[in-house]
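Note sheet for the following structure.
The values are calculated or read from the model by the stated rules, or taken from the named source; none is laboratory data. Only a predicted model underlies this, so the values are computations on that prediction, with no experimental measurement involved. For neighbour counting, all protein chains shown are included, and Cβ atoms are generated from backbone atoms with ideal geometry for every residue, glycine included.
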Amino acid sequence: MTNIPDEQKPHAGNKETRHEMKQTGAEMNTVHRQNVALLIHLLKSPYQLDREKASDYLGETGDPQAVPALIEALGDPTISWLAAESLGKIGDERAVEPLIAVLGSDEKWLRRNAAEALGKLRAPSAVEPVIRLLSDKKHDVREIAARALGQIGDERAVPALRGLENDPDSRVREAALVSVTMINRNKTVG
């Protein structure tokens, strides 16, 4: 182990070290912006795998710059479900209306992921459209819709959630019960 004299060790009070840290932070921000721009560009790739990876990674970045491109990607049937998931991860309110618009899709995974994203966004305007998914043919869509309504926490969803007590799928019944409990708990706390 090398012994470094105290006067040569960097510390927070050292002006040069603070400057280097700011410079490194600025460089990292530039790289991040370039990566996000590249991923946005890849959403238009002719290769589906590129579009899938770009959509997924954009959600992981959490960067609101990606929201308009991901909203546009909701129209690409090969990656729309991933775009919806990523919009939920980013959590930007600009995605609420476009996500509501795709809840009526024929694609199960898009309905499912859009409902989940709306739950994460806690969008009160999504309550009625998500309630409609509680009668979806697919049990996993009903389950996610029930969970999303619990996350949104709006009392308007309680009667519809209680209506799932006889759902044929136990996961749907459980999700509805948990969501009613969450909504009631928030009502008494708030």
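General remarks:
- Residues in segment 113-127 include at least one that is at pLDDT 95 or above, in a helix (DSSP H, G or I) and of a type in the set (K, R).
- Taking each residue of segment 24-42 that is more than 22 Å from I79 (Cβ to Cβ) and looking for partners that are at pLDDT 90 or above and among the hydrophobic types (A, V, I, L, M, F, W, C) with beta-carbon atoms closer than 9 Å, six or more apart or interchain, yields nothing.
- Test: residue in segment 133-141 that is outside any helix (DSSP H, G or I) and free of Cβ contacts under 8 Å to residues at least 12 places away in the same chain: yes
- Qualifying position, being within 17 Å of W81 (Cα to Cα) and among the aliphatic types (A, V, I, L, M), among A114, A126, A175, A160: A114
- T78 meets the conditions (1) part of a loop (DSSP other than H, G, I, E, B); (2) within 29 Å of T61 (Cα to Cα); (3) not assigned by TED's automatic domain parsing to the domain that holds A54 in every case but one. The failed one is (3).
- Taking segment 81-101 as the range and being in a loop (DSSP other than H, G, I, E, B) and buried (at least 22 other Cβ atoms within 10 Å of the Cβ) as the test, no residue passes.
- Every residue from segment 37-64 that is out of contact with any Leu (no Cβ under 7 Å at 6 or more places or on another chain), in a helix (DSSP H, G or I) and under 14 Å from K89 (Cβ atoms): G59, E60, T61, P64
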